[in-house]
Amino acid sequence: RLTRENLMLKNVKQTLERSREENIDAITVILNKREQDYRTNIEKLDIERHQSLSYLEDLVCNQNSILNKLRLHSRQLTNEIETILEQKHEIVQEMTIENQELRMKLSNAYERLEQTDTQLLQHNDTHIKLKQRLIELNNKLKEYENIINKIKTQDLVDYQQRLSLMTQHS
């Protein structure tokens, strides 16, 4: 009778050990899947952040190029106006009509320059907003990384507690 009970206990123990190993294997698969999912999400967020940074850098580079072209164009216009004004002093009678035309051109140039300045200010505001958004996204990424790390830590603690409970019940 004792031998039969010993055999039954031995069978129960083996069954529990197999069950524990199967549970550990299942939990390991789940944890590995979660870890891979977290890594994939972090990599996606990192790629998006790098793309945003690259895009912003390209925009800033383009803005600087446009500003340099506008400055050069402005200098050229200013030089042309000065040349015309010098000629005006030399040929007063002929330049009376031309003087009115030049004043109109100058007014249009200033108006375009003001419009360009307004556009550049709006463009700069957009860049500032984009930069702020990028900072916000970067902060969100850090928050998500912290959350993921907390979840990983909690999963590990939960796993260890379950393992400890299973060991105690064995």
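FYI, it's all coordinate maths here, none of it is from the lab. Remember, it's a predicted structure, so these values are computed and weren't measured experimentally. Neighbour counts run over all protein chains shown; Cβ positions are idealised from the backbone, glycine included.
Give me the net charge of Asn146's neighbourhood, meaning all other residues with Cβ under 13 Å from the Cβ of Asn146; Lys, Arg count +1, Asp, Glu -1.
Details: positive: Lys140, Lys142, Lys150, Lys152; negative: Glu143, Glu145.
The answer is +2.
In whole Hz, with x marking every Gly and Pro, tabulate ³J(HN,Hα) for the range 47-59 from phi via Karplus 6.51 cos²θ - 1.76 cosθ + 1.60, θ = phi - 60°.
3J(HN,Hα) across the range 47-59, in whole Hz: 4, 4, 5, 5, 5, 5, 4, 4, 4, 5, 5, 4, 4.
Could you tell me which of Thr78, Asn62, Leu141 has its Cα farthest along the dipole of the chain towards the positive end, charges placed at Cβ (Lys, Arg +1; Asp, Glu -1), taken about the Cα centre?
Leu141
Compute the helix-to-body angle for 92-169: its Cα long axis versus the longest principal axis of the chain, expressed 0 to 90° and rounded to tens.
10
If each residue of separation counts as 0.36 nm, what is the full-extension length gain between Leu134 and Asn64 once their alpha-carbon separation is subtracted?
Between Leu134 and Asn64, full extension yields an extra 23.2 nm.
Net charge near Thr15, counting Lys/Arg +1 and Asp/Glu -1 over other residues with Cβ under 13 Å of its Cβ?
+1
Using only the Cα atoms of the range 63-170, what are the Rg and Dmax in Å?
33.2, 114
Could you please state, rounded to a whole Å, how far the C-alpha centre of the range 100-129 is from the C-alpha centre of the range 42-84?
So the two Cα centres are separated by 16 Å.
Any chance you could run the full-extension gain for Gln122 through Thr3? It's 0.36 nm times the residue separation minus the Cα-Cα distance, nm to one decimal.
33.9 nm
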